[in-house]
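Data block below; observations after.
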Amino acid sequence: QELLAVLLGKGSAQTDVMTLAARLAKVIDEKGLGVRAEDLTGFDGVGEAKATLLLAAIEFARRRIKPAGVKIETPADVLPLIRHFADRKQEHFLAVTINGANEVLNVRVVSIGLIDRSPVHPREVFADAVVDRASGIIVAHNHPAGGLEPSAPDKETTRQLRQAGEIFGIPMLDHIIFNRNAYFSFLESGLL
């Protein structure tokens with residue numbers, strides 16, 4: 001949010017720059033790398049020039065950070081892509097789509113929930129995976145309260161998503177629960 005505020009420079013007469021940055025961050029989180037200028041220009045204080053600047057910054061980061069695609073070989077390889085969600089006050093359920101070479105296609109926020117749960121439906125998780133023509137998907141969510149032990153609903157969600165992935169032909173490769181300091185992998189723990 002602070003980095004977006006720096007790029008924006010100022011808000012509008014009705015909205016301060018931090019509030020505007022928070023609203024834009026939510027849209028960018030939801031759209032991932034698929035964010036477009038028209039997604040941003042609907043906000044008071046963001047015209048074509050600011051939207052173009054923000055999209056250029058996102059594209060610059062994408063090209064510099066993963067020029068040939070980030071390759072996922074272990075569950076820990078996903079953490080740099082999602083770690084910035086660890087400090088959120090609500091659970092964020094994320095989907096990382098993967099191509100046949102195990103390279104990341106996109107990282108998206110599927111749902112935002114409460115402090116201790118985030119409702120998620122297979123339809124929402126796999127909708128963008130189908131659009132991305134993904135070969136696999138890794139799901140993850142933060143635990144704002146800190147603990148990493150999967151709850152009964154976490155286990156049930158994992159079971160449902162695994163079944164849905166089999167139907168879609170897009171296997172769910174892992175479900176990761178993370179906080180600021182550590183992570184829990186269903187794959188590494190033998191629960192997948």
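Brief remarks on what is shown
- Most mobile listed residue (L53, L33, L24) in the chain, GNM with C-alpha springs under 10 Å: L53
- Rounded to whole Å, the principal axis extents of the Cα atoms in segment 38-189 read 47, 34, 28, largest first.
- Reachable lysines from K31, criterion Cα separation under 24 angstrom, eight or more residues apart if same chain: K10, K50, K66, K71, K89
- Solvent-accessible heavy-atom area per residue, rounded to whole Å², over the chain at 1.4 Å: 54
- 0 to 90° range, to nearest 10: angle between helix 17-31 axis and the chain longest Cα axis: 40
- For R123, the solvent-accessible surface with a 1.4 Å probe is about 140 Å², rounded to the nearest 10.
- Relative contact order (%) - the chain, alpha-carbon pairs under 8 angstrom, separation at least six: 17
- Dipole size of the chain about its Cα centre, with +1 on Lys/Arg Cβ and -1 on Asp/Glu Cβ: approximately 280 debye, rounded to the nearest 20.
- To the nearest ten degrees, helix 122-132 and the longest principal axis of the Cα atoms of the chain are 70 degrees apart.
- Our note on the geometry: Cα centres of segment 10-25 and segment 143-192, 35 Å apart.
- Accessible heavy-atom area order of M172, M18, highest first, probe of 1.4 Å: M18, M172
- For segment 115-178, the alpha carbon convex hull comes to 77 Å³ per residue, rounded to a whole number.
- Dipole magnitude of segment 77-153 about its Cα centre (Cβ charges: Lys, Arg +1; Asp, Glu -1), debye to nearest 20: 140
- Using alpha-carbon coordinates, inclination of helix 152-168 to the longest axis of the chain, degrees: 90
- Cβ-based charge dipole, segment 65-177, positive-most Cα from L161, F85, G136: F85
- DSSP-defined antiparallel bridges as percent of all bridges, the chain, nearest 5: 75
- In summary, the aspartates and glutamates within cross-link reach of K26, defined as a Cα separation below 18 angstrom excluding same-chain residues under 8 places away, comprise E2, D16, E38, D39, D44, E59, D87, E91, E124, D128.
The values are calculated or read from the model by the stated rules, or taken from the named source; none is laboratory data. This is a predicted model, so every value here is computed, not measured. Note: ideal-geometry Cβ built from the backbone for every residue, glycine included; neighbour counts use all protein chains shown. For the accessible areas, the whole protein counts, side chains as well, though only heavy atoms, and no ligand, DNA or RNA atoms are used. Shrake-Rupley method; radii C 1.70, N 1.55, O 1.52, S 1.80 Å.
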